[in-house]
Amino acid sequence: MIGRPTAVALIAAGVVLTATAMVLPWYATTYAGDVEVVVRAWGTEVVNKPGDWPPGDLSPWYGVPVAVTAALLVAGIWVDRAALAGAAAQVGAVGIIAALVVSERGHAVEQQGDFAIGFGLVFLVIGTLTALVGAVAAQREPA
């Protein structure tokens, strides 16, 4: 059985991995004419943007729900059940993000483009699973 200090360490590690994921690229799509769209938690970056590209790039802020869940995880170190709520919410947020990424990948393939997963999503998934294990373990141990 995991003790409380180990559970707290797992929650903290999950938060650090999640925070790291927020600054790394999450995925990239490349379209005709070598236009590449790199998506991060806080918006998009368009590489080799052509002159006729429409103004106002789409900037999904995937980071907002994940930042809220990470705050709940941090609060859960001191407040009962907050870490469990944060971990469950983060699992839900990652599920929604995964569905959006699969949709975007399908769109890229439909446009005969290329699609690549970034390290940000990998860190986010690992951080979410680590925090979930820590949050569940923290609930099983008396404070």
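Descriptive notes on the structure:
- Residue in segment 59-70 that is open to solvent by 80 Å² or more (accessible area, probe 1.4 Å), at pLDDT below 90 and among the aromatic types (Phe, Trp, Tyr) present: yes
- Considered as a group, the residues in segment 1-54 that are surrounded by fewer than 17 Cβ atoms within 10 Å (Cβ to Cβ), of a type in the set (A, V, I, L, M, F, W, C) and at pLDDT below 90 include one that is nearest to the chain's Cα centre (by Cα), and that residue is TRP42.
- Within segment 108-127, the presence of a residue that is β-branched (Val, Ile, Thr) and at pLDDT below 85 is excluded.
The values are calculated or read from the model by the stated rules, or taken from the named source; none is laboratory data. Keep in mind it's a predicted model, so treat the numbers as computed, not measured. As a convention, Cβ positions derive from the backbone with ideal geometry for all residues, glycine included, and neighbour counts pool all protein chains shown. The area values use the complete protein model at the heavy-atom level, side chains included, leaving out ligands, DNA and RNA. Shrake-Rupley method; radii C 1.70, N 1.55, O 1.52, S 1.80 Å.
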